[in-house]
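To start, the structure under review is shown below, and the notes come after it.
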Amino acid sequence: MANGAEKSLLTLEDFRLRAKEVLSPEAWAYYDDATGRKVTYRASSAAFDRYVIRPRILRDVTKRSLSTTILGQPISMPICIAPSANHRYAHPEAEVATARGATDADTLYTLSSLANVSIAEVGRSSGSGLKWMQLYLMKNQEHTLHIVREAEKAGFQALVLTVDLPVISDYSFPVTDDSVTSRYYNDPLLRPVNLAIDLPEVNEAIRSGDTNLRLYLDTQWHRPMSWNDIKWLKSVTSLPIVLKGILTGEAAREASDAAVAGVIVSAHGGRALDGVPAPIDVLSEVVSAVKGQGLEVYLDGGVRCGTDVLKALAMGARAVFIGRPAVWGLACDGAPGVSKVLSILRNEFDSSLGLSGCTGPHDIPEFLVTRKSSL
């Protein structure tokens, strides 16, 4: 972002509008897309308006701290970055810059297995920053196992298994120009490098061109999944496992029975099954289902301001994750843009804490937030 233009970006909405201006049409279409009629995508943010804050008064809030822990690791605030793919569409430094922005903000970054840079490169560039690694269960387990081993070597502290995409969803580029799809499949800069491992079928696909590599990888999604896969994953790594894509109390209890470390209440950014609830609407159900069982619950979906963070924490989330807003920051100004998006949320959350009579994440009572209909 040139000529100090970033100073005019004061909210996440400012970053969204600027990102739409600076991104190519195909990049904006890719990041902003969702499935079906985009009901879940739109609802994920709007649903926060169904909840209101009931502030406490006459409390000393002059000394506030936003710091907390996530799976026992300290972070400066309960605002983290969710995994999302293909960051090179937004910036030449891709996921390296996103991770560095999170490290500069002293919070957690989650790397997608569909990143455009290697796990090792992100590990080196982000130094001591807290990092989790997202993965899918592929038909050939060697792909998944490769991701796990690379994450372990690069110092990632947990694995995030996406569980809400058992089949490829129907979202596609809403741009009809064939060159858009062609670029996505053929541009080597957009290659999912962490899945291009040394297997005969992968090597043959790469020799034949990136189109064939992506077509090969598409076949890897068609794999039945069950809770036995969690047992397998736990058997091949000592890293904590977090399940991303939990939307019901029943699923949360099954996750607890499987002895995973945490769950992320998420609707995949509206890019999986359209018509599922907004994550904030089922957060309380999930929290209640696993209360007292030592399972950390996080929220990913629709967070756009500091009061959203406050509401999620009051409803039992340990932390929130942001996806698209981080990409907006990346598109506008690389790593500094990511850091500024996080800084905006930090400052808004801090202000919301004080104005609601709270001094930190661990001083937010559940009665602080209620649904409008219950007033």
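Remarks
- Applying 1/(1 + (r/R0)^6) with r as the Cβ-Cβ distance of LEU199 and ARG59 and R0 = 56 angstrom yields a FRET efficiency of 0.40.
- Average accessible surface area per residue within region 232-337, 1.4 Å rolling probe, Å²: 29
- Along principal axes, Cα extents of region 266-359, largest first, whole Å: 41, 38, 22
- 3J(HN,Hα) from dihedral phi, region 311-320, Karplus parametrisation 6.51/-1.76/1.60, rounded to Hz, x for glycine, proline: 4, 5, 5, 5, 8, x, 6, 6, 7, 10
- Approximating the spin labels as points 7 Å out from Cα along Cα→Cβ, the SER238-to-ARG124 distance works out to 2.6 nm.
- For region 101-129, the residues whose backbone nitrogen is under 17 Å from a point 7 Å from the Cα of SER67, taken along Cα to Cβ, are 103-108, 128-129.
- In Hz, Karplus ³J(HN,Hα) per residue of region 256-263 (6.51, -1.76, 1.60; θ = phi - 60°; x = Gly, Pro): 5, 4, 7, 6, 7, 7, x, 9
- Accessible-area rank, largest first, for LYS231, LYS131, LYS7, LYS20: LYS7, LYS231, LYS20, LYS131, with all protein chains present and a 1.4 angstrom probe.
- Angle between the chain longest axis and helix 12-22 axis [Cα atoms, degrees, rounded to 10]: 30
- Of LYS38/LYS234; LYS20/LYS131; LYS63/LYS131; LYS38/LYS131; LYS291/LYS311; LYS63/LYS291, pairs whose Cα-Cα distance is over 26 Å: LYS38/LYS234; LYS20/LYS131; LYS63/LYS131; LYS38/LYS131; LYS63/LYS291
- Orientation-averaged projected area, Cα convex hull of region 211-279 (nm²): 6.1
- Share antiparallel - DSSP beta bridges, the chain, percent rounded to 5: 20
- Max mean-square fluctuation residue, GNM over the chain, Cα-Cα springs under 10 Å, options ASP350, ASP32, ASP198: ASP198
- Debye equation applied to the C-alpha atoms of region 254-295, log10 I(q)/I(0) at 0.25, 0.27, 0.31, 0.33 Å⁻¹: -0.91, -0.97, -1.08, -1.13
- Couplings 3J(HN,Hα) of region 58-68, computed from phi: 6, 10, 6, 10, 5, 10, 10, 9, 8, 5, 7 Hz, in residue order, whole Hz [Karplus 6.51 cos²θ - 1.76 cosθ + 1.60, θ = phi - 60°; x for Gly and Pro].
- Taking every protein chain into account, the 1.4 Å probe leaves ASP104 with about 110 Å² of accessible area, to the nearest ten.
- Eligible aspartates and glutamates near LYS153 by straight Cα distance, threshold 19 Å, same-chain separation 8 or greater: GLU95, GLU121, GLU142, ASP198
- For region 1-64, accessible area per residue (1.4 Å probe, heavy atoms of protein chains only), Å²: 62
- Distant-in-sequence amide H partners of ALA319 (H built 1.01 Å from N, under 5 Å): LEU299
- Calculated mean residue ellipticity, 222 nm, the chain: -12500 deg cm²/dmol, from DSSP H runs (n ≥ 4) at -39500 (n - 2.57) each, averaged per residue and rounded to 500.
- Here the accessible area of region 198-313 is 54 percent carbon and sulfur, with a 1.4 angstrom probe and all protein chains present.
- Size of region 218-375 as Cα extents on the principal axes (Å, biggest first): 47, 39, 34
- Percentage relative contact order, the chain, counting C-alpha pairs under 8 Å, at least six apart: 28
- For a straight C-alpha distance cut-off of 15 angstrom, the aspartates and glutamates reachable from LYS7 (same-chain residues fewer than eight places away being disregarded) are ASP333.
The values are calculated or read from the model by the stated rules, or taken from the named source; none is laboratory data. Because the structure is predicted, anything quoted here is derived from the model rather than measured. Note that each Cβ is placed from the backbone with ideal geometry, even for glycine, and that neighbours are counted across all protein chains shown. The accessibility values were calculated without ligands, DNA or RNA, using every heavy atom of the protein model including side chains. Shrake-Rupley method; radii C 1.70, N 1.55, O 1.52, S 1.80 Å.
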